[in-house]
Amino acid sequence: MTDVHLTPLDEESLARLLDAAVADADPLEVMPPIEGPPGWTAERRDAFLAFHRRRSLDPATAVETTWVIDADGRAVGAARLEPAGDAVEAGIWLGRSVRGQGLGRQVAAALLDAARTGGAARFVASTTTGNAAARRLLANAGADLTVHGGDVDATLDL
Ligand SMILES: CC(C)(COP(=O)(O)OP(=O)(O)OC[C@H]1O[C@@H](n2cnc3c(N)ncnc32)[C@H](O)[C@@H]1OP(=O)(O)O)[C@@H](O)C(=O)NCCC(=O)NCCS
């Protein structure tokens, strides 16, 4: 089985994460949309770095904890936990070439452990009705799924 390790985000792992995103993901899957031509332009790479620095690395602005997902020592995606009241909101993305191989399941288990260790009362996540892998992952973890139009909210009491 692939060895999956969550590495806390820092400048070194952020550089590896950007390389993984550029090589194996669409920008819209891994960062908020920005203006300009599509693809991994220099502006979008800078925005990816700024996004993670602002949300995780800069103590003055951080709102979440982010980890780089290392599979057999190689960055393949990111996982995050963002406190929201007594809950934590979780997010995961994996590069296209490593999806559907059970890595998401291992990462979800590690995020649940981290959420419990951090003392959260609930674990929540959002996805869309078309995202079969994410829905399955969350349902298998024991979450209750609620559909609103095209959105799916998942909640799991810890
Ligand atoms: C969602 C995501 C994190 C899931 O991780 P993954 O490693 O691909 O998923 P796994 O291989 O661990 O599979 C999890 C479950 O989904 C099922 N699954 C995986 N890919 C699937 C697909 N394309 N269609 C239907 N089911 C699928 C698996 O069979 C497994 O269920 P099982 O244990 O009952 O067999 C990953 O696909 C991803 O990063 N997608 C793009 C970004 C994204 O959508 N993030 C989630 C937003 S909440």
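Applying a threshold of 6 Å to beta carbon distances and a minimum spacing of six or more residues, or different chains, the list of pairs starting in the stretch 48-64 at a residue that is closer than 15 Å to Pro83 by Cα and ending at one that is surrounded by 13 or more Cβ atoms within 10 Å (Cβ to Cβ) and among the hydrophobic types (A, V, I, L, M, F, W, C) reads Ser56/Leu9; Ser56/Ala62.
Regarding the stretch 91-106, can at least one residue be identified that is touching a helix residue (DSSP H, G or I) at 6+ places or on another chain (Cβ under 7 Å), more than 10 Å from the ligand (Cβ to nearest atom) and charged (D, E, K, R)? No: zero hits. Applying the criterion of being charged (D, E, K, R) and touching a residue at least 12 places away in the same chain (Cβ under 8 Å) to the residues of the stretch 107-144, the residue that is nearest to the ligand (Cβ to nearest atom) is Arg135. Applying the condition of being in contact with a helix residue (DSSP H, G or I) (Cβ under 6 Å, 6 or more places away or on another chain) and either among the small types (Gly, Ala, Ser) or surrounded by fewer than 13 Cβ atoms within 10 Å (Cβ to Cβ) (or both) to the stretch 3-39 and asking which residue is modelled with the highest pLDDT yields Ala21. Checking each residue in the stretch 106-139 for being open to solvent by 60 Å² or more (accessible area, probe 1.4 Å) and in contact with a Lys or Arg (Cβ under 7 Å, 6 or more places away or on another chain) picks out only Ala133.
The values are calculated or read from the model by the stated rules, or taken from the named source; none is laboratory data. What you see is a predicted model, and the numbers here were worked out from it, not measured in a lab. Backbone-built Cβ (ideal geometry, glycine too); neighbour counts: all protein chains shown. Surface areas here come from the heavy atoms of the whole protein model, side chains and all, with no ligands, DNA or RNA. Shrake-Rupley method; radii C 1.70, N 1.55, O 1.52, S 1.80 Å.
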